[in-house]
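In what follows, a single structure is set out as structure tokens and then discussed.
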């Protein structure tokens, strides 16, 4: 079978999973942004400096390991210049601020001020970014990285398909909550939710349409089937229900509905523990989204409450890849496949296989996924 036929077979299989239809083999998806360079002997400094490196080293890793149907988020371009625009925080870069083989680090601090909410409300999101980003980002690097993506994204994504891999997403969209939390710092922002809730909500309402438009534009530029919808500090375990119902969930619903209207599959990359509000996922259109947690949300509760409406992509915990054993991986994959009864499941590392993933654990994940994921 040639690689294009293999790609089509794998794509069909993934679409069947999203639609909760039976498949012959549970898809196995790669995710390990920082693991790939470590595995292939590339320094993180090179990985972060060369826009071609993430694509090249990720494909080399997937090909060397073998057994993958695709990748959750296709890696391409320079990440570290882009991150400050997503987190509204400074980022320490390997080879510049950190040792060459260190992981890049978000340096959270209170940079955004309460007065910035008024700037957003009165002047708009872009006007705010124009004045704010120089405080946290190298604007020359940011512009270069953004221009590279605009010029090269289709070319950088094409090799995944050429190798037979389905790239599900390549760019993120997230809620205003995550931007503000990064810029204000977590402690200050959570205090804002109590001290000035109306102002925070008004600013969120201004920002949301721009975030949605930017996400859709990026996904179309890359030619993706899906888009990564991020949530890392919006988890139920972190926020009181009253605040979550006002500042988190309505924005997720609007994002998901807009992406579906644009013909994109939302991949709900939801870090931390979302168990408390799993039933709320039933409010989203059925058989259209993928839940993609990080090992902390209760899989049994998801199976009980949501699996008749939404597929799961996961969920071997990152901690297990780093600190567990191949036997731990085998047992976890076996139990996960059994729990889902081979339906509505895509096997993937929870969130992201970390930089210190043991190679034997990644190999065990692939082997176990094929052994237990083969449907009789």
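The values are calculated or read from the model by the stated rules, or taken from the named source; none is laboratory data. Note that this is a predicted model, so its numbers are computed, not measured. Virtual Cβ from ideal backbone geometry, glycine too; neighbours counted across all protein chains shown.
Data for the structure
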quantity: Positions within the range 230-250 being outside any helix (DSSP H, G or I) and crowded, with 16+ Cβ neighbours inside 10 Å, in sequence order; calculated: 230, 231, 232, 233, 234, 235, 239, 248
quantity: Any hit, the range 319-330, residues being more than 21 Å from the chain's Cα centre (by Cα), modelled with pLDDT of 95 or more and either closer than 25 Å to residue 19 by Cα or surrounded by fewer than 14 Cβ atoms within 10 Å (Cβ to Cβ) (or both); calculated: yes
quantity: Members of the range 302-335 that are outside any loop (DSSP other than H, G, I, E, B) and under 23 Å from residue 265 (Cα atoms); calculated: 302, 303, 304, 305, 311, 312, 313, 314, 315, 316
quantity: Residue list for the range 83-110, filter: part of a loop (DSSP other than H, G, I, E, B) and either free of Cβ contacts under 8 Å to residues at least 40 places away in the same chain or out of contact with any strand residue (DSSP E or B) (no Cβ under 9 Å at 6 or more places or on another chain) (or both); calculated: 88, 95, 96, 97, 99, 110
quantity: Neighbours by Cβ (under 8 Å, 6+ apart or cross-chain): first from the range 137-166, at positive phi; second assigned to a helix (DSSP H, G or I) and exposed (fewer than 15 other Cβ atoms within 10 Å of the Cβ); calculated: 164/3; 164/4
quantity: Residue match in the range 175-195 (condition: within 23 Å of residue 72 (Cα to Cα) and at pLDDT below 95); calculated: no
quantity: Qualifying residues in the range 344-354 (those that are in contact with a strand residue (DSSP E or B) (Cβ under 9 Å, 6 or more places away or on another chain) and either without any contact (Cβ under 8 Å) to a residue 12 or more places away in the chain or not in a strand (DSSP E or B) (or both)) - the one surrounded by the most Cβ atoms within 10 Å (Cβ to Cβ); calculated: 344
quantity: Residue in the range 355-362 that is in contact with a strand residue (DSSP E or B) (Cβ under 7 Å, 6 or more places away or on another chain) and buried (at least 23 other Cβ atoms within 10 Å of the Cβ) present; calculated: no
quantity: Residue within the range 209-224 that is in contact with a helix residue (DSSP H, G or I) (Cβ under 7 Å, 6 or more places away or on another chain), touching a residue at least 40 places away in the same chain (Cβ under 8 Å), more than 23 Å from residue 262 (Cβ to Cβ) and not in a helix (DSSP H, G or I) present; calculated: no
quantity: Odd one out for residue 221, checked against (1) more than 17 Å from the chain's Cα centre (by Cα); (2) at pLDDT 95 or above; (3) surrounded by fewer than 19 Cβ atoms within 10 Å (Cβ to Cβ); calculated: (2)
quantity: Condition check for residue 267: outside any helix (DSSP H, G or I), surrounded by 16 or more Cβ atoms within 10 Å (Cβ to Cβ) and in contact (Cβ under 8 Å) with a residue 12 or more places away in the chain; calculated: yes
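Each row is one residue, and each column tells you yes or no for (1) surrounded by 15 or more Cβ atoms within 10 Å (Cβ to Cβ); (2) over 22 Å from residue 122 (Cβ atoms).
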| position | (1), (2) |
| --- | --- |
| 176 | yes, no |
| 185 | yes, yes |
| 188 | yes, no |
| 192 | yes, no |
| 199 | yes, no |
| 207 | yes, no |
| 212 | yes, no |
| 217 | no, yes |
